[in-house]
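The values are calculated or read from the model by the stated rules, or taken from the named source; none is laboratory data. Only a predicted model underlies this, so the values are computations on that prediction, with no experimental measurement involved. Counting neighbours? That spans all protein chains shown, and the Cβs are built from the backbone with ideal geometry, glycine included. Heads up: the accessible areas ignore ligands, DNA and RNA and are worked out on the full protein's heavy atoms, side chains in. Shrake-Rupley method; radii C 1.70, N 1.55, O 1.52, S 1.80 Å.
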Amino acid sequence: MAGAIIENMSTKKLCIVGGILLVFQIIAFLVGGLIAPGPTTAVSYLSVKCVDARKNHHKTKWLMPWGPNQCDKIRDIEEAIPREIEANDIVFSVHIPLPSMEMSPWFQFMLFILQLDIAFKLNNQIRENAEVSMDVSLAYRDDAFAEWTEMAHERVPRKLKCTFTSPKTPEHEGRYYECDVLPFMEIGSVAHKFYLLNIRLPVNEKKKINVGIGEIKDIRLVGIHQNGGFTKVWFAMKTFLTPSIFIIMVWYWRRITMMSRPPVLLEKVIFALGISMTFINIPVEWFSIGFDWTWMLLFGDIRQGIFYAMLLSFWIIFCGEHMMDQHERNHIAGYWKQVGPIAVGSFCLFIFDMCERGVQLTNPFYSIWTTDVGTELAMAFIIVAGICLCLYFLFLCFMVFQVFRNISGKQSSLPAMSKVRRLHYEGLIFRFKFLMLITLACAAMTVIFFIVSQVTEGHWKWGGVTVQVNSAFFTGIYGMWNLYVFALMFLYAPSHKNYGEDQSNVKIPLGVFTVPVENGSMQLLKQWTSTTPAASTAGLVDKNLDFIPWSSCGTLEETMWPCP
């Protein structure tokens with residue numbers, strides 16, 4: 001029975017494979033840094049104050065800030081007083097995008113934050129825990145001269161968090177409060193060319209609606225959408241990587257099914273990791289170019305969550321299956337303590353995402369952070385998920401420490417082995433440590449590039465070359481984890497090679513490790529198990545004599561079964 005490819009591959013070939021993967025990794029970073037533009041673009045919009053003096057404000061009419069059918073406008077709120085315009089008649093109108101531009105499905109999503117310009121007035125100050133209530137209507141059209149079609153109409157409450165740094169005296173009237181930006185709207189697709197927002201601030205003193213919110217002078221919006229050029233590069237990467245991972249996954253499982261034994265736990269987990277990577281790679285986003293699929297952001301979050309849960313589970317099981325002195329192996333039930341926090345944390349984040357982006361499928365203005373109950377609920381989910389993540393990493397660090405300690409202990413018995421066996425185990429231990437270091441390097445690169453992308457201005461300039469750091473982060477890290485999964489399925493697939501003539505063709509699988517059995521040892525093992533019933537009942541050797549844990553070798557030293 002053959003071992004894994006990583007056990008039989010020479011150091012030279014392993015270096016060649018590593019070099020090829022490194023080249024692809026560099027290409028992944030360069031594609032984002034040199035070819036793709038920045039991932040997103042932010043556009044500022046200043047609302048236009050329109051006048052709607054009709055008694056019924058919500059029938060058929062949409063107020064345009066500019067163009068041939070533009071509304072009746074006022075420059076500022078003071079102009080409304082001599083014209084006897086009431087606050088309920090003022091509509092803040094925003095056209096998306098700016099004049100002479102069009103939106104595109106390649107933009108993928110639209111995210112808007114809101115900034116209120118509120119002036120200080122002695123007789124109209126912002127009260128504590130003030131809340132502004134907006135009546136917002138959203139419409140779209142695909143032709144500059146077509147009628148607007150309503151997309152959403154909601155009452156949108158937002159809590160104000162404003163401070164006034166100057167003394168509240170008459171001479172400081174007219175100065176602006178410093179207010180936090182507010183989440184406003186998120187749409188998971190950009191299926192239309194033009195959008196129109198009409199925002200009203202209805203005042204009702206009896207119901208205390210929009211009372212004690214100060215004097216709102218202007219409403220500013222900042223719209224963020226994905227760049228079309230980056231979307232094309234991203235789709236191209238997904239289209240290229242999907243068949244690559246799928247082919248190696250099919251090849252990997254075919255090698256396993258050709259074995260005479262059933263797959264072991266680690267092989268199943270690696271295959272599941274390949275499935276989750278393929279699931280996240282499938283470029284279903286291509287369909288969003290022709291269809292109005294607003295659920296794509298939520299679907300993307302779910303795919304990423306499944307992959308990260310599988311990746312974290314793999315690391316735990318990978319370490320556990322390499323613990324040479326652990327008796328409960330090759331069973332997922334033996335890892336419930338370590339995998340449990342992953343499941344709980346993933347479930348909490350899923351519920352949080354459904355409460356946020358799930359509701360936004362029907363109400364694009366909804367935000368779980370706008371109410372006290374929603375904020376407490378969101379924080380509870382995030383805190384529980386954070387605690388689970390901390391527990392997971394404590395378990396993982398402890399298991400990694402145990403594996404390296406056990407390996408160091410076993411290395412003391414290497415000099416007593418035959419040369420071929422010693423070289424085999426020395427290479428095996430080296431490659432395990434090498435893969436562990438590669439895993440840590442991938443995790444470290446993810447954290448480092450994330451920090452760099454946050455603290456830099458988004459791009460670097462070297463001479464005449466501009467490097468988009470944020471784009472390089474997305475494409476590079478995405479390509480890195482694909483190469484990581486590819487390498488796992490390639491290196492841990494069963495090998496077709498056998499060991500030398502001084503060893504028997506029988507090998508006993510130990511997860512990813514295999515113990516070569518010397519000539520004559522099998523007969524002695526049969527005699528030992530026949531006279532030692534506890535060996536079978538304890539699970540040390542099964543009835544077909546094809547599995548023995550590494551930890552049991554010490555009991556067989558006197559019967560020519562030396563510990564590796």
Check: How much accessible surface does GLU147 have with a 1.4 Å probe, in Å² rounded to 10?
Finding: 150
Margin query: Solvent-accessible area of ILE35, probe 1.4 Å, all protein chains present, reported in Å² to the nearest ten, please.
Written below: 120
Item checked: Cα principal axis extents for the stretch 2-92, largest first, Å -> 88, 30, 25
Next item on the list: Would you work out what percent of the accessible area of the stretch 170-247, with all protein chains in place, is carbon or sulfur (probe 1.4 Å)?
Entry: 58
Checklist line | For the stretch 41-226: Kirkwood Rh in Å [reciprocal of mean 1/r, alpha carbons] | finding: 17.5
Margin query: Which order do you get for SER288, SER418 if you rank them by accessible area with a 1.4 Å probe, largest at the top?
Written below: SER418, SER288
Next item on the list: Determine the per residue accessible area of the stretch 41-226 with all protein chains present and a 1.4 angstrom probe, expressed in square angstrom.
Entry: 52
Item checked: the stretch 294-381: equivalent-ellipsoid semi-axes (sqrt of 5 x gyration tensor eigenvalues, Cα, Å) -> 36, 14, 7
Next item on the list: Provide the FRET efficiency to the nearest 0.05 for the ILE27-ILE302 pair, computing r from the beta carbons and using R0 = 30 Å.
Entry: 0.55
